[in-house]
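To start, the structure under review is shown below, and the notes come after it.
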Amino acid sequence: MFAYYADHFVLPLPQGHRFPMGKYAALRDRLTRGLPLVRMQQAQPASDGELALVHTPRYIDAVMQGTLTPAEQREIGFPWTPAMAERARRSVGATVQACRAALSGEGIAANLAGGTHHAYAHKGGGFCVFNDAAVAARLMQAEWARQGAAQRQQPLRVAVIDLDVHQGNGTASIFRDDPSVFTLSLHGEKNFPFRKEPSDLDVELPDGCTDAPYIEALEWALGELERRFEPDLVIYLAGADPHEGDRLGRLKLTDDGMEARDRRVFEWAWARRIPLAMTMAGGYGRDIETTLRVQFNTWRLALSHWQRWQASERTPRWQNALP
């Protein structure tokens, strides 16, 4: 199973900063030791042209040239550095590569970071610089059309299943008027962002939500997604922050509940033979081991479903070679 990483670009954050920068290298190390069938690939950077499929030229230039205003940097939550800009580029590139791999016959591939769903077309926010899922969705649609334009009766249809505990406001805003992308967000009703954007389907959960009502809500949401949309690709934001041990999550899912959540998404996509690209999204455990344990278990389940794809007759959605 292909996994794309960019954890060697480290932001010099001040001591005590809430963003767990160290978890990315630690997760890669744990996966390398514990799941040897996960094939690590360094993420390639997204180009300015690829980013411009979603983001405004002024914003791309400000990130690349270091001309973000102090207010823009505060909204993102990171001080600007060259490493911040390069990491943001490669985080998008990793999701792009995961989507290509999934569509090329792998069935499932993943980004060890990503899920930067608070980034709008014109600005970042909430530790998100560029919106990796949005750029990847638009680029896959463009490549899909180029590789069979005469035969395509409709664009590649992409479902973003966002199970980070925080609503994907940036993604919802970007795709608000785009019928080819379906945005589903299952999130804490009273959690960040406090001004939410309308997704195609928002499911708001109360503080303290536990395993059973969460899984019931997810089942309903997947049924509603299937009723309203037929995706050719799923981008799954597998946030670890609904877990009961998360500092910022405010929900109460146990390890078993998180496993049931992931298993249901993978099985839903597998049953319909929909390729799936996964990103890690949020995870702010009171101790980093909690987040790593939850994310490792998500990867273990993803790998088992990737193996199901390999055991089946693999029919690539297009015939391009893997990057």
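The values are calculated or read from the model by the stated rules, or taken from the named source; none is laboratory data. Quick caveat: nothing in here was measured; it's all calculated off a predicted structure. Cβ sites come from the backbone with ideal geometry, for glycine too, and all protein chains shown count toward neighbours. Remember, those area values only see protein heavy atoms, side chains included, never the ligands or the DNA or RNA. Shrake-Rupley method; radii C 1.70, N 1.55, O 1.52, S 1.80 Å.
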Subject >> Separation between Cα centres of region 212-226 and region 119-193, rounded to whole Å >> reply: 20 Å
Original post:
Once all Cα-Cα distances of region 181-316 are split into 10 Å bins that start at 0, what whole-number percent is in each one?
Top reply: 11, 42, 36, 10, 1
**OP:** Using just the helices of the chain, give the 222 nm mean residue ellipticity in deg cm²/dmol: DSSP H runs with n ≥ 4 each add -39,500 (n - 2.57), and the total is spread over all residues, rounded to 500.
**Re:** -13000 deg cm²/dmol
Original post:
For Lys23, which lysines qualify as cross-link partners when the Cα separation must be under 27 Å and same-chain residues fewer than eight apart are set aside?
Top reply: Lys123, Lys190, Lys252
Original post:
Rounded to a whole number, what is D in µm²/s for region 108-258 from Stokes-Einstein with the Kirkwood radius over alpha-carbon pairs (25 °C, 0.890 mPa s)?
Top reply: 154 µm²/s
Original post:
How far apart, in nm, are two points set 7 Å out from the Cα along the Cα-to-Cβ line at Ala217 and at Thr56?
Top reply: 3.3 nm
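Please report the projected area of region 114-177's Cα convex hull averaged over all directions, in nm².
Details: hull surface 19.2 nm².
Answer in nm², one decimal: 4.8.
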**OP:** Compute the FRET efficiency between Gln154 and Arg228 as 1/(1 + (r/R0)^6), taking r as their Cβ-Cβ distance and R0 = 22 Å, and round to the nearest 0.05.
**Re:** 0.90
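Give me the accessible area per residue for the chain, probe 1.4 Å, as a whole number in Å².
Values: 12670 Å² over 323 residues.
On a per-residue basis, 39 Å².
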Subject >> Simple spin-label estimate for Glu189 and Asp255 in nanometres, 7 Å along Cα-Cβ >> reply: 3.1 nm
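When the expected Rg is taken as 2.2 N^0.38 Å, what fraction or multiple of it is the alpha-carbon Rg of the chain?
Numbers: Rg = 18.0 Å, N = 323, 2.2 N^0.38 = 19.8 Å.
Normalised Cα radius of gyration, the chain: 0.91.
Please list, by residue number, every one of the GluC sites (Glu not before Pro) in region 126-213 that is coil in DSSP and has at most 14 other beta-carbon atoms within 10 Å. Can you show the working numbers first?
Numbers: sites: Glu143, Glu189, Glu204; in loops: Glu189.
Counting only loop positions with at most 14 other Cβ atoms within 10 Å, the GluC sites (Glu not before Pro) in region 126-213 are Glu189.
Could you tell me the calculated FRET efficiency between Gln44 and Asp207, based on Cβ-Cβ distance and R0 = 51 angstrom, to the nearest 0.05? Each step should come with its number before you reach the end.
Numbers: r = 40 Å, r/R0 = 0.78.
It comes out at approximately 0.80.
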Original post:
Based on the Cα gyration tensor of region 32-133, what are the three equivalent ellipsoid semi-axes, each the root of five times an eigenvalue, rounded to whole Å and given largest first?
Top reply: 27, 14, 11
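Can you tell me how much longer the chain between Ala25 and Glu86 gets when fully stretched, taken as 0.36 nm per residue apart minus their C-alpha distance, in nm with one decimal?
Numbers: separation 61, 0.36 × 61 = 21.96 nm, distance 1.62 nm.
That pair, Ala25 and Glu86, stretches by 20.3 nm at full extension.
Taking loop as defined by DSSP and a crowding limit of 12 other beta carbons within 10 Å, which trypsin sites (Lys or Arg not before Pro) in region 135-208 fit? Present the calculation step by step, with values, prior to reporting the outcome.
Working: sites: Arg138, Arg146, Arg152, Arg157, Arg176, Lys190, Arg195, Lys196; in loops: Arg152, Arg157, Arg176, Lys190, Arg195, Lys196.
Listed in order of number, the matching sites are Lys190, Arg195.
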**OP:** Could you pull the accessible area for His122 with a 1.4 Å probe, rounded to 10 Å²?
**Re:** 100 Å²
**OP:** Using a 1.4 Å probe over the heavy atoms of the protein chains, calculate the carbon and sulfur portion of the accessible area of the chain as a whole percent.
**Re:** 51 percent
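If you stretched the chain out fully between Thr67 and Gln310, how much longer would it get, using 0.36 nm times the residue separation minus the C-alpha to C-alpha distance? Write down the numbers at each step before the final one.
Numbers: separation 243, 0.36 × 243 = 87.48 nm, distance 4.62 nm.
Taking Thr67 through Gln310 to full extension adds about 82.9 nm, to one decimal.
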